[in-house]
1. Using modelled amide H (1.01 Å from N, peptide plane; none on Pro or chain starts), what sits under 5 Å from the amide H of CYS210, excluding residues fewer than 5 places away?
2. Once the Cα atoms of the range 259-452 are picked out, what are the Rg and Dmax in Å?
3. Label the range 2-237 by shape, choosing from rounded, prolate and oblate, from the square roots a ≥ b ≥ c of the eigenvalues of the Cα gyration tensor; if a/c is under 1.5 it is rounded, and otherwise prolate applies when a/b is larger than b/c, oblate when it is not.
4. For the range 151-215, how big is the tail of P(r) above 20 Å, as a whole percent of Cα pairs?
5. Could you point to the residue in PRO292, ALA254, HIS281 farthest towards the positive end of the range 167-314's charge dipole, with +1 and -1 charges on the Cβ of Lys/Arg and Asp/Glu respectively?
6. Can you tell me the FRET efficiency between GLN342 and ARG313 if r is taken as the Cβ-Cβ distance and R0 is 35 Å, rounded to the nearest 0.05?
7. FRET efficiency for SER244 and LYS133, Cβ-Cβ distance as r, R0 = 35 Å, nearest 0.05?
8. Taking 0.36 nm per residue of sequence separation and subtracting the Cα-Cα distance, how much length would be gained by fully extending the chain between ARG182 and HIS117, in nm to one decimal?
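None of the figures in this text is laboratory data; all of them are computed from the coordinates on show. A quick note: this is a predicted structure, and the numbers were derived from the prediction, not measured. All Cβ positions, even for glycine, are placed from backbone atoms using ideal geometry, and neighbour counts span all protein chains on display.
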Amino acid sequence: MDRTGGLPPSLHAEESDRGVYLARCQVDTPERLLRFVWTQVNARRPNAGDVVDFGCGDARFSRFGTFDTYTGFEIDPARGPRAPLRSPHKVVLGDAFEPGRVLDFSTCIGNPPYVRHHDLEEVWLGRADKRLKELMPYQADGRSNAYVYFMWLAMASVGADGLVALVIPFEWVSRPASAKLRAFIKEQGWDVDVFHIRNAAFERVLTTACVAVIDKRAALGGKWRFFDVDDADVITPMKEVTGSSHKQLAYQKAAGQTRAIRGLSPGGKEVFVLTEAERIHFQLQYPSDVVPAVSSFRHIEQSQVTLTEALFRKHYVHTGQRCWLLNVEGEISPALKAYLDQVPEEARSNYTCKSRKLWWKFVMPKVADILYSSGFKTARPKMFRNVLGAIHVGGIHGIHCELASDSPAVMAELLKIDLSKKVVSLAKGFLKVEVRQMNTVLNDIQKRLAARA
Ligand SMILES: C[S@@+](CC[C@H](N)C(=O)[O-])C[C@H]1O[C@@H](n2cnc3c(N)ncnc32)[C@H](O)[C@@H]1O
């Protein structure tokens with residue numbers, strides 16, 4: 001095995017962060033999927049030529065398929081294969097984004113790491129960004145998951161008639177964070193086949209997987225096709241990415257003042273959103289030190305349509321939910337200062353806190369008129385008129401109405417919609433409506449309400 005790569009110095013320095021990063025992304029590909037990917041590759045290239053695999057783990061992709069050479073890159077020495085591969089095949093222990101390395105392969109295959117953007121260290125992001133800019137007209141997106149960076153790298157590592165076949169989350173076909181990547185592929189006119197794997201049987205990974213095949217030869221003239229793959233590997237063409245006959249809900253800007261706003265990301269729920277017990281322990285007062293906040297509706301039924309103080313007390317305050325957001329506007333009280341002073345360094349070493357002048361000083365969002373959960377499992381997200389005036393945090397998004405008095409009518413319209421067939425499923429039975437998709441819904445509602453008036 002070629003051991004020339006070595007770990008980048010930045011990763012040595014941050015041993016604990018590295019441990020967390022690796023723990024998040026080390027999921028092995030089951031044999032069924034390895035074989036599936038190779039079937040797709042060899043159907044397009046009977047001999048895949050010189051193959052590269054970034055984040056190769058034990059080099060399991062080298063055990064199948066027809067190709068000339070295999071080169072795997074793996075950052076974690078503990079994950080590499082036990083014995084060196086037979087020459088000319090090799091595994092290089094090192095960072096896939098190592099600068100200066102010449103990449104000239106025919107096929108890029110693999111299962112790149114899945115690590116959420118919020119969990120990626122600044123050093124990691126800077127390094128990946130720099131390398132991709134060195135390789136191609138890469139367009140950064142500050143919200144991308146690690147696998148998106150690996151997709152760019154994959155495309156840059158194969159020649160003008162190369163092939164890329166990766167096991168990645170199906171969400172890449174719809175999420176705004178991968179929009180630039182999709183636009184780039186479309187601009188290049190490459191063919192794309194996406195195989196939605198109904199049951200990938202990955203350990204620990206909840207997102208729906210797909211196998212994405214990007215073919216630079218573009219024999220179909222830049223066509224995108226979607227397929228569903230069932231548990232017996234039977235492949236059926238999908239009409240729409242939603243898996244239903246409905247098109248995916250469009251992404252729009254708000255046409256007027258009625259708009260959806262994403263939940264606040266204060267920089268760590270454990271630090272910024274307290275339980276009632278924590279509030280009392282630190283002697284923080286409502287409303288000067290803390291304000292009501294909701295970050296989940298998972299534990300409550302949609303048996304009423306208003307978020308009242310009574311509902312908040314019963315289902316959030318008295319059940320130990322994190323429901324008190326620090327009120328950091330204006331002068332802070334000695335009690336709040338004492339609380340902030342005792343927050344351990346590790347709890348505030350994330351990107352959001354580090355990028356602020358004062359690590360805790362976030363801008364308090366305006367109270368929204370309607371709150372809804374971005375994730376849902378039924379016809380529509382749970383939603384409540386925000387009579388209480390709670391701040392929406394994390395996966396709970398807000399809707400501001402042009403006039404607060406419009407909110408009952410907007411809410412009544414929202415309660416009629418069925419979004420389940422119009423959005424892409426992120427995980428088994430778990431759907432998500434993006435902010436700009438909710439704007440599309442709201443734009444329609446506004447038109448209907450205006451026509452009625
Ligand atoms: C999802 S696992 C896949 C492993 C293996 N290819 C498989 O299919 O089972 C991703 C692998 O990428 C490795 N990895 C993560 N970041 C990397 C980087 N920057 N450079 C090289 N390898 C990396 C992880 O250690 C992990 O082994």
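1. ILE168, PHE170, ILE197
2. 17.6, 55
3. Numbers: a/c = 1.33, a/b = 1.21, b/c = 1.10.
Taking the square roots of the gyration eigenvalues as a ≥ b ≥ c, the range 2-237 is rounded.
4. Values: 559 of 2080 pairs.
Summing the P(r) tail past 20 Å for the range 151-215 gives 27 percent.
5. Final value for the positive-end residue is ALA254.
6. Working: r = 27 Å, r/R0 = 0.77.
The formula returns an efficiency of 0.80 here.
7. Details: r = 39 Å, r/R0 = 1.11.
The computed FRET efficiency comes out at 0.35.
8. Values: separation 65, 0.36 × 65 = 23.40 nm, distance 1.79 nm.
Full-extension gain reported as 21.6 nm.
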